Every structure is written in structure tokens, then in C-alpha cells.
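Visitor: Pasting a structure below so you can have a look.
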Amino acid sequence: MARLFGTDGVRGVAGRDLTAELAMELSVAAAHVLGDTGPKRPVAVVGRDPRASGEFLEAAVVAGLASSGVDVLRLGVLPTPAVAYLTGALGADLGVMLTASHNPAPDNGVKFLARGGLKLADVVEDEIERRLGEQWNRPVGSGVGRVRDAFGEADRYISHVLTTLPGRLDGLDIVVDCAHGAAHMVAPEALVRAGARVEAIGARPDGLNINAGYGSTHLDRLQQVVVSRGADLGLAYDGDADRCLAVDHTGAIIDGDQIMAILAAAMHAEGRLAKDTVVATVMSNLGFKLAMRDAGINVIETAVGDRYVLERMKSEGYNLGGEQSGHVIMLDHATTGDGLLTSLHLLSVVAGSGRPLRELASVMTPLPQILINVKDVDRGKALVPELTAAVAQAEAELGETGRVLIRPSGTEPMIRVMVEASSEDQATMVAGRLAEVVRVACA
């Protein structure tokens with residue numbers, strides 16, 4: 001059987017793949033694995049993004065937890081990083097977030113967090129899967145868990161992220177796109193409290209419009225509003241606000257690599273960058289790595305996925321890492337990628353330096369990057385000799401100003417071909433050539 005847990009919890013079309021029954025069974029199994037606290041009754045916090053399906057999935061998760069003897073605090077609609085923070089701040093034994101992040105409204109997902117708000121290791125997820133549907137002794141009477149609402153805890157999270165800032169954001173005029181998602185209340189509130197003048201768009205969720213034409217995967221509207229308003233910059237979150245992208249005053253996109261470069265350079269200059277190192281994935285732009293090298297900052301690469309970035313940061317003591325997609329982890333202040341936290345610290349650099357975002361982003365020059373997804377191929381053949389030889393030839397051709405990455409999909413019969421080069425024409429030519437080799441050699 002295929003593994004139920006993916007790279008970020010259990011996801012699928014709500015009501016079809018992710019049913020109320022499955023959500024309840026997952027919660028019972030998670031309670032048994034994560035809620036083993038001895039004589040003390042375990043406590044869980046549960047949050048969700050605004051998807052309509054989150055309402056019935058929340059009810060199922062709460063029922064599963066409480067029927068297993070777990071006390072439940074319902075946090076309501078909050079970003080994933082807020083739920084992670086509150087799992088630790090409230091001393092909960094586990095956290096649950098219902099979200100499908102940047103996916104469209106019909107999708108949803110169940111994400112579990114361990115004590116302290118940490119993502120689960122693969123072995124823990126496997127144990128939850130193994131215990132699905134097992135026989136168990138059901139508590140009765142005073143043994144069942146109690147459920148109460150804790151919607152006011154959103155303010156605790158806002159206060160936390162604001163305490164991490166070295167100074168105020170007075171004078172900055174910004175536009176923030178909340179993707180009609182989980183940050184629609186907390187992000188504008190936090191930014192205003194920090195001193196910025198804020199216009200919010202994508203901040204009217206109706207349960208069905210999350211990520212629809214707004215947010216970090218749809219930047220057109222944000223670009224238009226920033227330019228027409230004459231704002232200093234714009235910020236965009238995804239549906240659960242664990243990632244952030246930006247646009248400068250001209251409407252140019254500032255991606256996760258550029259945001260990391262700005263934060264890394266500022267932290268390095270202030271002596272706050274642990275071991276003078278930033279952690280990124282193999283998909284980060286080569287321009288980012290070259291810029292960090294020139295700034296005297298080391299770059300450590302991991303597999304794609306913010307969970308792998310976090311694992312490396314925790315194991316080796318680094319405090320900044322992330323992905324091109326906008327997942328940025330500031331481990332001094334958060335246990336996960338946090339779009340609001342990232343944006344506040346980005347704005348702090350802008351305000352503190354007195355330099356526009358466009359100028360700060362020039363610390364790195366992104367190299368043209370071409371990604372081709374070659375579908376309906378055998379992903380297990382990504383290391384066949386013909387493809388290995390073609391990659392070696394391409395790398396020799398590109399030299400130090402380019403690179404090649406061949407990556408099998410983890411879930412589909414597809415191999416991804418990524419090429420970076422000093423010019424877009426060269427990157428396109430080399431990527432097309434390699435994609436054709438994949439189609440023939442990996443059929």
C-alpha cells in the first residue's frame with residue numbers, strides 16, 4: 001500500500017479522499033501515539049484554515065481526540081505556524097492543523113505536531129498509520145476528553161511574533177495579500193501593531209475562495225495594487241500562511257531565495273547568523289549560492305521540503321533556512337516556516353536600513369531557471385546510464401555559471417528536469433535536450 005502521509009501530513013480532496021471517518025481514525029491513532037503522557041490527561045490544540053470542509057473535518061478530529069481521552073482546545077482559524085507556536089506555548093501534548101496550504105478549496109489535509117510544535121519524524125507518522133483501526137479501550141465517564149474554545153489565543157501568537165522585532169515599522173506603506181486564507185485576521189493586525197500602513201487584499205474568506213486568484217501562487221493582483229497605490233512593497237502568504245513572497249515597489253517579484261539572502265546578509269552583519277550558515281534545498285537558485293559565497297556565508301543543501309531543512313537546522317545548530325517557494329524558517333523564533341514572522345523581519349530590515357526592498361534584493365542575481373516536468377515516465381530510471389551521461393555533458397557545458405538537477409517525483413510517474421544557466425536561452429536549450437533524453441531513456 002502507498003504511504004498515507006505525504007511530505008506535509010495527509011492530504012486529498014475533502015469528502016472523497018480525506019473523509020470524516022479517516023480524519024477521526026487518524027486522530028484516534030495520533031492520540032495513542034502522541035498523547036501517551038502517563039497519569040496526566042493529554043491536551044491537544046486544533047486549528048484550521050477557512051476552507052468549508054475544515055468545519056466537518058475539525059468536528060471529526062475533535063471527536064476522535066476527545067473520545068480517546070484527550071482534552072481539546074479549539075483555536076479556530078489560524079495559520080499553521082500559529083498552531084505550532086501555541087502547541088508549545090500552551091504546553092499541549094500534540095497539535096493538529098487542518099489545511100491544504102496553497103491547494104484549491106476542495107482539497108484539505110490533516111497535519112499533526114508533536115510537543116513543542118515540532119513536525120513529526122517519518123517513523124512517528126508510520127506508527128500512526130500502523131495503528132489505524134486497531135482495537136482500543138475506550139474511556140467513559142470522567143475519562144473522556146473535554147472540549148473548549150480558545151479563539152482568544154490568536155492574540156498570544158500576534159504578541160509573540162511582534163516581540164521578536166528589533167524595531168518598529170513606522171513609515172512603511174505596504175499591501176498584504178492573505179490568499180483568503182488563515183492569515184486574513186492576524187497578519188493585518190500584526191503589521192498595523194508594528195507601525196506599518198496596511199492595505200489588505202484577499203482577506204475575505206468565504207470557505208470556497210482560498211487561494212483563488214490571490215496569495216503567494218497568484219501574485220498578479222498584489223503587483224497591480226502595489227504599483228497603483230504607490231506602496232513601498234507587497235507581501236503575499238499562502239492559504240495556511242507558512243510561506244511568504246514579496247513584490248517591490250515596481251511590482252517585481254521577490255522570491256524565497258531573495259528573502260533568505262536579505263535576511264542572511266542582515267543577520268550575518270549583526271553577528272546573529274548561527275555558524276555563518278544558511279540552509280537551503282537543492283532547488284534554491286544558483287544565484288543565491290553565489291551571492292552567499294561572496295558575502296562570506298556558507299550554504300548547506302538538503303532535499304526538497306521544509307521538513308528536511310528544519311531537520312538539518314535542528315541537528316547542526318543553524319538558525320536560518322528555507323525554500324525558494326517562500327518557506328523560511330527562523331529557528332530562534334519559530335519551529336516551522338512562518339510567513340508572518342518572515343515578512344515582519346523582512347520589513348524590519350527595510351525599515352532599519354532605510355533602503356527600498358528592490359535595492360536590498362540586489363544582494364543576489366537570480367540565474368535563469370527552467371523546470372520541465374516530464375510525465376508518464378518511469379521515475380525509477382532517473383539514474384540510467386544514458387541520462388547520467390547526458391547530465392554530465394550538460395554540466396560540463398554550463399560550467400560554474402549553471403547546473404542541472406534531475407529529480408523523480410515522489411508521488412507521480414514523472415521526472416523533473418531543472419536547468420540553470422547564465423542566459424535563459426541556454427537554460428531552455430539544455431533543459432529541452434535533457435527532457436527528450438528522459439522521455440526516451442526512462443519510458
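Visitor: What distance in nm separates the simple spin-label points at V192 and R156, each placed 7 Å from Cα in the Cβ direction?
Guide: 2.4 nm
Visitor: Pop out the carbon and sulfur fraction of the accessible area of the range 49-189 as a percent, whole number, probe 1.4 Å. Walk me through the numbers on the way to the answer.
Guide: Numbers: 2760 of 5330 Å².
Looking at the range 49-189 in its full context, I get 52 percent from C and S.
Visitor: Can you tell which of P166, P81, P106 shows the greatest fluctuation in a Gaussian network model of the chain with Cα springs below 10 Å?
Guide: P166
Visitor: Next question, about the same structure. Under the rule of at least 5 residues apart or a separate chain, name every residue whose amide H is placed under 5 Å from the amide H of R243.
Guide: D238, G339
Visitor: Additional query: Pick from G207, G432, G38: which is most flexible by mean-square fluctuation in a GNM of the chain where alpha carbon atoms under 10 Å apart are linked?
Guide: G38
Visitor: Now a separate question. How many percent of the accessible area of the range 372-419 is carbon or sulfur, using a 1.4 Å probe?
Guide: 53 percent
Visitor: Follow-up. Looking only at K275, K289, K111, which one moves most when the chain is put into a Gaussian network model with springs between Cα atoms under 10 Å?
Guide: K275
Visitor: To continue, here is another question. Compute the accessible area per residue over the chain, keeping the other protein chains in place, probe 1.4 Å, unit Å². Numbers along the way, then the final one.
Guide: Details: 17910 Å² over 443 residues.
So the chain comes to 40 Å² accessible per residue, rounded to a whole number.
Visitor: Turning to a different aspect of this structure: Loop-only GluC sites (Glu not before Pro) in the range 116-164, please: DSSP not H, G, I, E or B, and at most 15 other Cβ atoms within 10 Å.
Guide: Listed in order of number, the matching sites are E134.
Visitor: About its Cα centre, how strong a charge dipole does the range 136-292 have in debye, to the nearest 20, once Lys and Arg get +1 and Asp and Glu get -1 at the Cβ?
Guide: 480 debye
Visitor: Still on this structure, please answer the following. What percent of all Cα-Cα pairs in the range 319-364 falls in each 5 Å bin, counting up from 0?
Guide: Taking all Cα pairs of the range 319-364, the binned fractions are 5, 20, 26, 26, 17, 6 percent.
Visitor: Can you give the charge dipole size of the chain about its Cα centre, rounded to the nearest 20 debye, using +1 on the beta carbon of Lys and Arg and -1 on the beta carbon of Asp and Glu?
Guide: 720 debye
Visitor: For the range 32-189, report the translational diffusion coefficient in µm²/s to the nearest whole number, using Stokes-Einstein at 4 °C, 1.567 mPa s, and a Kirkwood Rh over Cα pairs.
Guide: In µm²/s, the coefficient rounds to 77.
Visitor: Through the Karplus equation 6.51 cos²θ - 1.76 cosθ + 1.60, θ set to phi - 60°, convert the phi angles of the range 278-283 into ³J(HN,Hα) values in whole Hz; use x for Gly and Pro.
Guide: For the range 278-283, the Karplus-derived couplings read 10, 9, 9, 9, 5, 8 Hz, x marking Gly and Pro.
Visitor: Would you compute the Debye intensity of the range 290-443 from its alpha-carbon atoms alone, equal scatterers and no solvent, and pass along log10 I(q)/I(0) at q = 0.19, 0.21 Å⁻¹ to two decimals?
Guide: With no solvent term, the Cα-only Debye profile gives -1.21, -1.29.
The values are calculated or read from the model by the stated rules, or taken from the named source; none is laboratory data. Everything numeric in this text was worked out from a predicted model, so none of it was measured. As a convention, Cβ positions derive from the backbone with ideal geometry for all residues, glycine included, and neighbour counts pool all protein chains shown. Accessible surface areas use protein heavy atoms only, side chains included; no ligands, DNA or RNA. Shrake-Rupley method; radii C 1.70, N 1.55, O 1.52, S 1.80 Å.
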